[in-house]
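The values are calculated or read from the model by the stated rules, or taken from the named source; none is laboratory data. In this text, all values refer to a predicted model and were calculated from it rather than measured experimentally. A quick note on method: Cβ atoms are made from the backbone with ideal geometry, for glycine too, and the neighbour counts reach across all protein chains shown. What goes into the accessible areas is simple: the full protein's heavy atoms, side chains included, and nothing from ligands, DNA or RNA. Shrake-Rupley method; radii C 1.70, N 1.55, O 1.52, S 1.80 Å.
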Amino acid sequence: MFELNDDVDVDLKEEIVKLKKELNAVILAHYYQEAEIQDIADFVGDSLELARQAKSTSADVIIFAGVHFMAETAKILNPNKLVLLPDLEAGCSLADSCPAPLFKAFREKHPGHLAISYINCSASVKALSDIICTSSNAEKIINQIPPDKPILFSPDRNLGKYLMKKTGRDMLLWDGTCIVHETFSERKIIDLKTQYPGAKIIAHPECEDTILKHADFIGSTSKLLKFALEDESKVYIVATEPGIIHQMKKQSPEKNFIAAPPEKNCECNECPYMRLNTMEKLHLCMKNKWPEISLDNATLAGALKPIEKMLEMS
Ligand code: 13P
Ligand code: SF4
């Protein structure tokens, strides 16, 4: 029977630290998690760094404060470990846009193509891919592919277009997008730039071209953080999920970070999937050792190869 958090007095932070010791667990968190979760995690990083941490951990249990495809990647790299995700509904619009049977048909239609898939896809799609990439190593990986080898890039069309420009490679793109990175308003970003003329616009390559064309710097979450630390401006307009601003403020408290606004007056620049994880759910999943990520052996083995290829090439 699973327990609910009915004790209102429970000190969640204290309990999480205690359970972590008891379970010999590690908490891995993505930068888009709420601030409290980032602060209690053993490691906070981008998708590539989190995969590397998952591969190298000696902990018995991995608690993944992120989304489903990230926790799946940790499980693929550690098939014999218990991998927990605080909320199994924490999905991703990019992964959802690319169901495995449709991806399989796409591959069959283009038999001579190499399939490079963004890590934001399901384990089944990974198992059908040749190489996985993240936004921090995609350019490096594509540049290692012989120029005459045609490439299918899935599932993020915006990242794919950006990479085509950066590498000069023509690629066949899957038509998926991130619901967060496509909400930013070009008009409101230009208004902010008028208000703060010295501000730098920094953007994740999952953004649409209409936003990327205004950016002073484009990169994965970790690269955006590094840029914000090393650059000497005072104000930044941040076109990615605003959870990352927590780390930006921590490392540069004297700078002003403004979350790029969405077109509508909503909170839709926050990832609804990432934000499903809460401190309460993190505590409960450790207490109940559930929800657990489980994958069949064929998917585990099939998805491991393209992930290992990525780690070798990056
Ligand atoms: P990175 O942290 O690898 O840049 O990925 C961003 C993202 O959208 C994760 O879902
Ligand atoms: Fe997926 Fe976008 Fe959320 Fe990242 S921010 S998990 S790409 S929906």
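Numbers at a glance
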{"item": "For the chain, Cys with no neighbouring Cys Cβ under 4.7 Å", "result": "Cys92, Cys98, Cys121, Cys133, Cys178, Cys207, Cys271, Cys285"}
{"item": "Interchain or long-range residues, amide H under 5 Å from Ala115's placed H", "result": "Asp130, Ile131, Leu152"}
{"item": "Under Karplus coefficients 6.51, -1.76 and 1.60, residue-wise ³J(HN,Hα) of region 218-223 in Hz, glycine/proline x", "result": "10, x, 5, 4, 5, 5"}
{"item": "The chain: relative contact order in percent, alpha carbon pairs under 8 Å with at least 6 residues between", "result": "23 percent"}
{"item": "Dipole magnitude of the chain about its Cα centre (Cβ charges: Lys, Arg +1; Asp, Glu -1), debye to nearest 20", "result": "1120 debye"}
{"item": "In sequence order, calculated HN-Hα J values of region 57-69 (Karplus, 6.51, -1.76, 1.60; Hz; x Gly/Pro)", "result": "5, 9, 5, 7, 10, 10, 9, 9, 8, x, 10, 4, 5"}
{"item": "Long-range amide H partners of Ile258 with built H, under 5 Å", "result": "Tyr236, Ile237, Val238"}
{"item": "Relative contact order (%) - region 73-171, alpha-carbon pairs under 8 angstrom, separation at least six", "result": "25 percent"}
{"item": "Sequence-distant lysines (8 or more away, or on other chains) whose Cα lies within less than 23 Å of Lys75", "result": "Lys20, Lys21, Lys55, Lys104, Lys126, Lys281, Lys287, Lys289, Lys305, Lys309"}
{"item": "Sequence-distant residues sharing a close amide H with Tyr31 (under 5 Å, placed H)", "result": "Gly45"}
{"item": "Burial ranking of peptide ranges 120-126, 19-25, 160-166 (average Cβ count within 10 Å, highest at the top)", "result": "120-126, 160-166, 19-25"}
{"item": "The chain, Cα convex hull volume normalised per residue, Å³", "result": "143 Å³"}
{"item": "Ordering of 294-306, 85-97 by packing [mean C-beta count within 10 Å, highest first]", "result": "85-97, 294-306"}
{"item": "Burial order of peptide ranges 63-76, 179-192 (average beta-carbon count within 10 Å, highest first)", "result": "63-76, 179-192"}
{"item": "Percentage relative contact order, region 1-153, counting C-alpha pairs under 8 Å, at least six apart", "result": "16 percent"}
{"item": "Estimated translational D of region 144-230 in µm²/s (Stokes, Kirkwood radius over Cα pairs; 37 °C; 0.692 mPa s)", "result": "230 µm²/s"}
{"item": "Candidate lysines for bridging to Lys234, where Cα separation is under 22 Å - those fewer than 8 sequence places away on the same chain excluded", "result": "Lys188, Lys193, Lys200, Lys213, Lys223, Lys226, Lys249, Lys250, Lys255"}
{"item": "J(HN,Hα) series, region 201-214, from Karplus relation 6.51 cos²θ - 1.76 cosθ + 1.60, nearest Hz, glycine and proline x", "result": "9, 10, 9, 7, x, 6, 6, 6, 4, 4, 8, 4, 5, 8"}
{"item": "Solvent exposure of region 112-266 as accessible area per residue, Å², 1.4 Å probe", "result": "41 Å²"}
